[in-house]
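The values are calculated or read from the model by the stated rules, or taken from the named source; none is laboratory data. Predicted, not measured: the structure shown is a model, and the values here were computed from it. Cβ atoms come from the backbone with ideal geometry, glycine included; neighbour counts cover every protein chain shown. The protein model used for the area step is the full one, side chains on, heavy atoms only, and it has no ligands, DNA or RNA in it. Shrake-Rupley method; radii C 1.70, N 1.55, O 1.52, S 1.80 Å.
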Amino acid sequence: MADCIFCEIVNKRMKSDIVHEDDELVAFNDINPQAPVHVLIVPRKHIDSVQDMKQDDTELMSKMVLIAQKIAKKNKIDEDGYRLVVNYGVNGGQTVPHLHLHIMGGRRMTWPPG
Ligand code: 5GP
Ligand code: ZN
């Protein structure tokens with residue numbers, strides 16, 4: 001999609017620190033990390049948000065979670081724990097309108113979130 005920064009990253013027209021890629025997904029370090037490990041997992045296919053997922057996309061989120069598990073193991077945060085986040089819309093705090101799963105770890109998270 002034109003003017004989508006995550007499509008630009010997926011298509012390597014914009015530089016990023018990619019930590020995983022396969023046929024369907026790309027994962028890269030967040031440019032403004034909120035934890036020692038902060039990776040974004042995105043589908044190659046442009047989907048605006050979690051609220052725009054369709055029946056055909058049902059396997060996608062499971063695959064994103066399985067990649068999050070791998071990233072957690074690789075970064076040795078699988079035992080101490082981590083947080084997975086999907087923000088949606090204004091109240092959810094979504095700032096990039098291309099579906100993404102945050103995985104954050106390496107420090108103790110607080111609850112409730114801000
Ligand atoms: P959201 O607020 O939409 O859930 O999360 C968007 C995330 O994308 C933010 O954590 C932000 O730091 C990250 N981000 C925004 N622009 C870029 C970029 O150009 N490169 C990378 N690697 N991350 C970005
Ligand atoms: Zn996009």
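Remarks
- Near Gln94, the amide H atoms lying under 5 Å from its own belong to Tyr88, Gly89; only residues 5 or more places off or on other chains count, and H is placed 1.01 Å from N.
- Under the shape rule built on the C-alpha gyration tensor, where the axes satisfy a ≥ b ≥ c, the stretch 61-114 is oblate, since a/c reaches at least 1.5 while a/b does not exceed b/c.
- Per residue, the accessible area of the stretch 1-96 comes to 65 Å², computed with a 1.4 Å probe over protein heavy atoms only.
- Probe 1.4 Å, all protein chains present, accessible-area order of Glu24, Glu59, Glu8, Glu79, largest first: Glu79, Glu59, Glu24, Glu8
- Cα→Cβ-extended label distance, 7 Å offset, between Gln34 and Glu59, nm: 3.1 nm
- Taking amide hydrogens as placed 1.01 Å from N in the peptide plane, the amide H of Leu25 sits under 5 Å from those of Arg44, each at least 5 positions away in sequence or on another chain.
- Charge dipole (Cα centre; +1 on Lys/Arg Cβ, -1 on Asp/Glu Cβ; no other charges) of the chain amounts to roughly 400 debye.
- Annotation: lysines with alpha-carbon distance below 27 angstrom to Lys76 (same-chain offsets under eight excluded): Lys15, Lys63.
- Counting only protein heavy atoms and using a 1.4 Å probe, the accessible area of Val90 comes to about 140 Å².
- Cα gyration tensor shape for the stretch 5-105, rounded if a/c is under 1.5, else prolate or oblate: rounded
- Residues in the stretch 87-114 that a label on Asp52 would reach, taking backbone N under 19 Å of a point 7 Å out along Cα→Cβ: 87-102
- Note that the stretch 103-114 has calculated 3J(HN,Hα) couplings of 10, 10, x, x, 8, 6, 7, 10, 9, x, x, x Hz, one per residue in order, obtained from phi through the Karplus relation 6.51 cos²θ - 1.76 cosθ + 1.60 (θ = phi - 60°); glycine and proline are x.
- Ligands, DNA and RNA left out, the 1.4 Å accessible surface of the chain is 50% carbon and sulfur atoms.
- Approximating the spin labels as points 7 Å out from Cα along Cα→Cβ, the Asp17-to-Arg44 distance works out to 2.5 nm.
- Solvent-accessible surface (1.4 angstrom probe) belonging to Met1, in square angstrom, nearest 10: 130 Å²
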